[in-house]
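Just so it is clear, none of the values below were taken in a lab; they were calculated from the coordinates. Nothing here was measured: the structure is a model prediction, and the numbers come from that model. A quick note on method: Cβ atoms are made from the backbone with ideal geometry, for glycine too, and the neighbour counts reach across all protein chains shown.
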Amino acid sequence: DQQVKQNSPSLSVQEGRISILNCDYTNSMFDYFLWYKKYPAEGPTFLISISSIKDKNEDGRFTVFLNKSAKHLSLHIVPSQPGDSAVYFCAASPPRSSNTGKLIFGQGTTLQVKP
Amino acid sequence: NAGVMQNPRHLVRRRGQEARLRCSPMKGHSHVYWYRQLPEEGLKFMVYLQKENIIDESGMPKERFSAEFPKEGPSILRIQQVVRGDSAAYFCASSPPRGRGNQPQHFGDGTRLSIL
């Protein structure tokens, strides 16, 4: 039962271009979504998040878009840089009323930014 | 370093031994979470703890696994009688109390557990 899915295992883009990473979810009760970046042998690093009451959140080169009707979110990185090469995970949080702190992660997308 | 600290970074055990993984949350964080990542998979939630309380252990295997977050000291994830299938990366995360708004969880660099 994969509630959060990242259907593209990998993505390759040219330096300076836009990277778009996608994520789909099945549970309409999720109310908070996050993107993490992970380098090998390190822990996930928090990048950006969005509440379900918003449809866009921007932080520097990173923008997250949320389409609740489609149960879809995406992460845009522009311009992409070689240092952005990593595995990107999207994660979703059940509502606080469920009294669980769990994050539900997708399988990850490996981004390669070519110089 | 004010981040989430996990130790050891690498742990090798033989089948049947016990594994103890430790996690010190970020300063000011009172909530701790443990996740497991198997090869080629995403992170899977195991347990959520506050000081001296287990809040949600819905992701913990029913046997051999336990977790605690004592009043003093780090959080401990304990695996008894380890088996080969326990080989994985175990990540700890922490966050401040959720309060009025959502707070991201911040992760440590993990413990890589290898079972011989």
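Some points to look at:
- Put a dot 7 Å past the Cα of B:Ser87, heading toward its Cβ, do the same for A:Thr26, and the two dots end up 3.0 nm apart.
- Under Karplus coefficients 6.51, -1.76 and 1.60, residue-wise ³J(HN,Hα) of region B:56-67 in Hz, glycine/proline x: 8, 10, 5, x, 7, x, 5, 10, 6, 9, 8, 9
- Amide proton proximity set for A:Gly108, modelled H, under 5 Å, gap of 5+: A:Gln6, A:Cys90
- In the protein assembly as shown, one over the average inverse separation of all distinct C-alpha pairs is 18.2 Å, which is the Kirkwood hydrodynamic radius.
- Taking the fewest neighbouring Cβ atoms within 10 Å as the starting point, the ordered list for A:Ser28, A:Ser51 is A:Ser28, A:Ser51.
- Relative to its Kirkwood radius, the Cα radius of gyration of region B:50-93 gives an Rg/Rh of 0.97.
- Using distinct alpha-carbon pairs, which all enter the 1/r mean, Kirkwood radius of region A:20-115 in Å: 13.8
- In whole percents, the pair-distance distribution calculated for region B:27-72 from its alpha-carbon pairs, binned every 5 Å from zero, is 5, 21, 26, 22, 15, 7, 3, 0.
- For the segment A:102-108, counting C-beta atoms of other chains within 10 Å of every residue's C-beta and taking the mean gives 6.
- Put a dot 7 Å past the Cα of A:Thr110, heading toward its Cβ, do the same for A:Phe46, and the two dots end up 2.8 nm apart.
- Averaging Cα coordinates gives a centre for region B:57-98 and one for region A:3-62; these two points are 26 Å apart.
- Exercise: per-residue mean of other protein chain Cβ atoms within 10 Å, B:32-44: 4
- Coarse-grained scattering of region A:1-75 at q = 0.11, 0.13, 0.22 Å⁻¹, given as base-10 log I(q)/I(0) from a Debye sum over alpha-carbon atoms: -0.30, -0.42, -1.15
- Evaluating 6.51 cos²θ - 1.76 cosθ + 1.60 at θ = phi - 60° for every residue in region B:47-54, the Karplus couplings come out as 7, 10, 10, 10, 3, 6, 9, 9 Hz, glycine and proline recorded as x.
- Check: region A:24-109 dipole with +1 on Lys, Arg Cβ and -1 on Asp, Glu Cβ, in debye: 180
- Square roots of five times the Cα gyration tensor eigenvalues for chain B, Å: 24, 14, 13
- Peptide A:32-42, shielding by other chains (average Cβ, 10 Å cutoff): 3
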